[in-house]
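Note sheet for the following structure.
Derivation of every value follows stated rules applied to the coordinates shown; laboratory data play no part. Not measured: the values here are computed from a predicted model. Neighbour counts are summed over all protein chains in view; Cβ atoms, including those assigned to glycine, are modelled from backbone coordinates with ideal geometry.
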Amino acid sequence: MKSLRLLVFLLLGIAVPAHAGNNTATLPTGTIVVDTAYFDTTTTTRFDNSRVARPLMDGIQRYEPGGGLQGAITANPYVKYQLFVPQVMYGVTDDLTLVLAMPTVVHTSIKPNLGWTPGDYQNNLGRPYSESDFWQWAKSMGQDKPGDFSGNNWTPADMVLGVRYSLSKLKAFENNGLRAAVSAQVAIPTGKPADPENLVAAGTTVWDLNNYGDAELHFALEKPFKWDDFTRLNIGVDFHYAAFLKHTYQSATGAQAPLLMTFAPYIGPTYTIDPGDQFGATFLVEGMPFIGPTLSTWMNQHDPAKSAQWPALLTLTASLKYAHVNQSTWQSQSAMWDWDHNKLWLPGDKNTVRLGADISLMRLGLPLQLYGAYLTQELIPGRNTRATDVLMAGARLLMKFW
Amino acid sequence: MLRMLKPSSIALTVAVLLTACAAEQPPRYQVVHLSGTSYQRGLQHGQQMSSLIKSFYSTLLATSLLPYLNRNQPDIAAYLHNYDAVLHPEYGNGQFSLLLLRESAASLEASIPPQFVEEMHGIADGSGMNYQDILVLNTFVDTVLAARGITYFLQQAGAPRVTQVEWLGASLVGDGVDNNGDGTTDEPTESLVAPYESLPHAMWVEVPSTAKVRVRLHDDDAKVDPESVRVIVDEKVYTLDSPELVVVTPTDAGGLPLIHDTDVTVTPAAPWTKPIVTVQVQAGDNKLSINPPPSHEHRMRTEQFTVSTKGYGKPPHLVPNQGVSDGTSQPPSIGFAVRKSATPDGQVRLAHHFSLLDAGTSHKHTLVQIHHPDTGPSYAFVGWVGIAYGFAGLNSEGVAYGCNHSDTLNNPLAGAFLTDFFDAKLLSSGEPIGFLLRDILAQAHNADEAATLAYDTTPTFGWNFLFADKGGKLRAVEVRRDVGMGGVIAKPGEGRANWTPDADAAGVDQWGVPWASEKQDDMRVGAHFRPLANDFAMDLGIFNLRPQRDWSSYYFSSVRAMANLAARITANYGKFDLATMIATLRVPELVDAHDSMTAVVIEPGLGKLHAALGTEPATDSDFDTFDLTSAP
């Protein structure tokens, strides 16, 4: 039964920037787990090529035709995604488990937090453009000041199908007290891309969430340590490769933002983004400081000995995930426009620290587990990547009908 | 299998994964070699630069200049009824500027030699753009500069202006000096200039350093806002908060207030510290204008006049009205050429830095075109994708040029108004500047021939040319249209100047001072007229059309840049090799940081063009060399 708690992280790992936990467990044959989790993610920072934290966007310099620099629109965007992730897992055999997850964006909000850095003195004004001056000017050119974005209410993200196969029974692992598994997952494009005409917008696709790949392959290896015949410490490593497919997007025509987003006339009606594949490893330490009492309940058929190996009442986890991120490549009919994007998505890496706690009520007679975690990519600077912080909480219910 | 993998191959695989496919920055600028007929060369240009031409048109015109010009429609339609969107709905719905440019381009097309029309058709066909848009791209400079001049002038006409200046406190009458250079000493009005006019040189000399200055400002339809007054004397800024600055409404002889006049008096607390002192004045009126946004009062350009202090010893015409940049203006386009004694090796060199309209995009679309026509000389020039010309170039005959715009109301758009008044349409006419420059590359065998072609053109605007050839000839040409009431167009030879630094009567001013040379072996041009300083003057009653120096926003910055450049030329005489030419172009006081477009040094005797392109400013780039003698 311990494996129930552990398996769930397979898909949590898919739906969040990093994952941790036992990466080798599979469900017993015929077992079903229904898991629901809520994620609250915020992104405000990107790391540049020198690992220096920057706002998500560079300033946009604006020019008065023939009048020099009006100033720079500065932006310090605050991006918040709230996600609800239901998932179902099924143990086909003791070694093979299938998973289906349907991540759903509950709400997305983006505050661009626009500011202004004045530019050249303008003779006709007798001053440099103030922020108010600039947006009056922009409005006269047909461009309103972009407002906040609020949307994606209960919008599906890309669905995920996964499978895990345990290798723990192989002699090479069993004889050394190791557990191992390979896992694979693919995303099904059920998400919605961002409105191409809206300067401040976000979608719900794999690319928009930028947290799990179109296809992923994992190989995990773990070493449990027991005291008093109970695993109290588990250390492990999970190697992963996440492939992202090239997708085609509609080009902005300037219908809503004529000054800032009229691209289609020169980049073509569509363009592609080939996100950089990601690969790396997650290092995990898991401790069970409080096993808790084992009650005589219906779940153990009133025989506490049967539940001696069930999950501890409290499990604490800490992990560090390193992911190298390849170049993400924009491709349109304009090499110059492509470069303006490509230079912001050069090869780099990100480091995710995760701290989590699980409370299992199974020993107390409830087939329920509650869990929570905090993940941060800001603690250890990355390079050419965006850093997301995540707070999550979830619950999972065990079911077996035969 | 695993055993067969050596550690080195694993490391290699990882290294490849880690470093694979970092995106590469496209080149800063483009180069095309074009050969064949005019159409074929245009076609090659269009095919190779298709995407960039489209992005240039979109980012410079469609999303920048066109909506920017649309903002002026209400002001223009107030005078010119043909552009009223209600009476003429075709100009409504944001189509005003595009239609205006297309109509003007169609008007200019008649003056474009057929081979260049063919070339533009080739560019259109090759790039997949329509010909009308390519024609606009190749002619908008001619139309927009003239239109800009008129709208800027009209804005200035509604703003305060300096009408008189007087020195007080220390009389210039009785000091035994011809302070104002009028040939008369100590006349009663020597301390006063009224009416005021802008000059390229000092207004007075030998002024006591304790003098106080009174400037009278006039506003035809409003009153100067005292809070807006800003005066700089001897590099010290005075505003209404300064005890040294007093603003009053003057009275006439009968004691009645002159309600549209304002006297601003500055009494410096301490004597001036410098031998040459420039006074800069700026003010706005109390009439808030909301169109075009942002809302603003009517501001005069920063007016400036210069004096020398007691003991300086030079007459006014030898003291440039240079002033000091306080960061409120940028230097304009400049060009200079040297030869013989100005250089260490006798080579002729021409440097040119063109600044006008970058808008954050032009520098990303720069292009070196190297043409190999079926007949005639090969030539190269620096310009922009989709445009069949550039403002600096060289042909294989060893003729080099640089060309700058020079504001003037003496242009065909003003001429249209003077012909048809309120029924006028803003249609340019004459030979578009770019195709004149192409003609020069294709036809000129030396600087004299090039200058003659420029001199004989029917210009679309004011242009200043600088020519150099491999034989060591240097020439400068200034042209402007000659319009008058009834739309009289100039005959060749009127309203032009063509001179050399050699013993040349046309090359010196009324005091015998060269217009644009320090010695015999250098010439320079900026964005203001020298011989054509009185390019226009006509009082229509409702408008008093004035010469460039009285209204152009480029005028004083050009005077300042030319004075700076003259000082550099003098300091480096005899040292102007390629490196010194480049270093001079890079002097910060000569670089427009935000509207720089192209920079070149040309060595016509060596057939080499060295170009800095693709950055803002252009002079931040390395100068790459293009050798016409070895080009395929």
Open item on the list: Restricting the calculation to Cα positions, tell me the Rg (one decimal) and the Dmax (whole number) of segment B:501-629 in Å.
Closed with: 17.5, 58
TODO: Show that you can apply the helix-only estimate: for the protein assembly as shown, add -39,500 (n - 2.57) for every DSSP H stretch of four or more residues, divide by all residues, and state [θ] at 222 nm to the nearest 500.
DONE: -5500 deg cm²/dmol
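Per-residue Cβ counts within 10 Å, from other chains only, averaged over A:326-335: what number is that? Write down the numbers at each step before the final one.
Working: counts 6, 6, 2, 3, 1, 0, 2, 4, 8, 7.
Across the residues of A:326-335, the mean count of other-chain Cβ atoms within 10 Å is 4.
I'd like the FRET efficiency for residue A:302 and residue A:355, computed as 1/(1 + (r/R0)^6) with the beta carbon distance as r and R0 of 45 Å, rounded to 0.05. Don't skip to the end; give the middle numbers.
On the way: r = 36 Å, r/R0 = 0.81.
Working from the Cβ atoms, E equals 0.80.
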Open item on the list: Using only the Cα atoms of segment B:262-397, what semi-axes does the equivalent ellipsoid have when each is the square root of 5 times a gyration tensor eigenvalue? Give whole Å, largest first.
Closed with: 42, 28, 10
TODO: If a/c stays under 1.5 just call it rounded; otherwise compare a/b with b/c (prolate if a/b is bigger, oblate if not). Do that for segment B:188-228, with a ≥ b ≥ c from the square roots of the Cα gyration tensor eigenvalues.
DONE: prolate
TODO: Could you give me the radius of gyration and the Dmax of chain B, taking only the C-alpha atoms into account and expressing both in angstrom?
DONE: 26.7, 111
Task: Relative exposure of B:272, A:337, judged by other C-beta atoms within 10 Å (fewest first) - done: B:272, A:337
TODO: Mind giving me the nanometre distance, one decimal, between the label points for residue B:504 and residue B:173, set 7 Å out from Cα along Cα→Cβ?
DONE: 4.4
Task: Most positive-pole-ward Cα, B:562, B:413, A:231, against dipole of the protein assembly as shown from beta carbon charges - done: A:231
- [ ] Per residue of B:292-300, count partner chain C-beta atoms within 10 Å of its C-beta, then hand back the mean as an integer.
- [x] 6
Open item on the list: If I model a spin label at residue B:90 and residue A:215 as a point 7 Å from the Cα along the Cα→Cβ vector, what separation in nanometres do I get?
Closed with: 5.8
Task: Rotationally averaged projected area of segment B:36-156 (alpha carbon convex hull; nm²) - done: 7.8
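At 10 °C and 1.306 mPa s, grab the translational diffusion coefficient of segment B:200-318 from Stokes-Einstein with a Kirkwood Rh over Cα pairs, rounded to a whole number in µm² per second. Let's see the in-between values first.
Working: Rh = 15.6 Å.
Value of D from the Cα-based Kirkwood radius: 102 µm²/s.
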- [ ] Measure off 7 Å from each Cα along the Cα-to-Cβ vector at residue A:246 and residue A:76, then give the distance between these two points in nanometres to one decimal.
- [x] 3.9
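Mind sorting A:392, B:562 by how few other Cβ atoms lie within 10 Å of their own Cβ, fewest first? Please list the in-between numbers first.
Values: A:392 21, B:562 25.
Neighbour counts put them in this order, fewest first: A:392, B:562.
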- [ ] Just name one of B:167, B:77, B:143: the one whose Cα is farthest towards the positive end of the charge dipole of segment B:72-188 (beta-carbon charges, Lys/Arg +1, Asp/Glu -1).
- [x] B:77
TODO: For the protein assembly as shown, would you read off the P(r) tail past 38 Å as a percentage of all alpha carbon pairs?
DONE: 58
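What is the gain in length, in nm to one decimal, between residue A:175 and residue A:400 on full extension, counting 0.36 nm per residue of separation less the C-alpha to C-alpha distance? Don't jump to the answer; show the numbers that get you there.
Working: separation 225, 0.36 × 225 = 81.00 nm, distance 3.11 nm.
Going from the current span to full extension adds 77.9 nm.
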Task: Å³ per residue enclosed by the Cα convex hull of segment B:334-627 - done: 129
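Sort A:221, A:69, A:316 by Cβ crowding within 10 Å, fewest neighbours at the top.
On the way: A:221 19, A:69 24, A:316 15.
Least crowded to most crowded, the residues run A:316, A:221, A:69.
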Task: Net charge of neighbours whose Cβ lies under 11 Å from the Cβ of residue B:435, counting Lys and Arg as +1 and Asp and Glu as -1 - done: -4
- [ ] First obtain the Kirkwood hydrodynamic radius of segment A:41-97 from its Cα pairs, then insert it into the Stokes-Einstein equation at 4 °C and 1.567 mPa s, and state the resulting D in µm² per second as a whole number.
- [x] 81
TODO: Give a quick list of trypsin sites (Lys or Arg not before Pro) in segment A:27-103 that DSSP marks as loop, anything other than H, G, I, E or B, with at most 16 other Cβ atoms within 10 Å.
DONE: A:51
- [ ] Work from the charge dipole of segment B:334-627 (Cβ charges, +1 for Lys and Arg, -1 for Asp and Glu, about the Cα centre) and give the residue of B:434, B:476, B:516 farthest towards its positive end.
- [x] B:516
Open item on the list: How shielded is B:363-369 by partner chains, expressed as the average number of their Cβ atoms within 10 Å of its Cβ atoms?
Closed with: 1
Task: In Hz, Karplus ³J(HN,Hα) per residue of segment A:290-307 (6.51, -1.76, 1.60; θ = phi - 60°; x = Gly, Pro) - done: 9, 6, x, x, 10, 8, 8, 9, 4, 5, 9, 6, 6, 10, x, 5, 5, 10
Task: Under 5 Å, built H, 5+ apart or other chain: amide partners of residue A:277 - done: A:244, A:326
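I'd like the per residue volume of the convex hull spanned by the Cα atoms of segment A:241-337, given in cubic angstrom.
218
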Task: Spatially proximal lysines relative to residue A:192 (Cα-Cα < 24 Å; intrachain offsets below 8 disregarded) - done: A:80, A:111, A:246
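Might you report the magnitude of the Cβ-based charge dipole of segment B:334-627 about its Cα centre, with Lys and Arg at +1 and Asp and Glu at -1, to the nearest 20 debye? If you can, show how the numbers build up before the last one.
Working: 23 positive and 35 negative charges, 68 e Å.
Taking the Cα centre of segment B:334-627 as origin, the dipole is about 320 debye.
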Task: Radius of gyration and Dmax over the Cα atoms of chain A, both given in Å - done: 24.6, 89
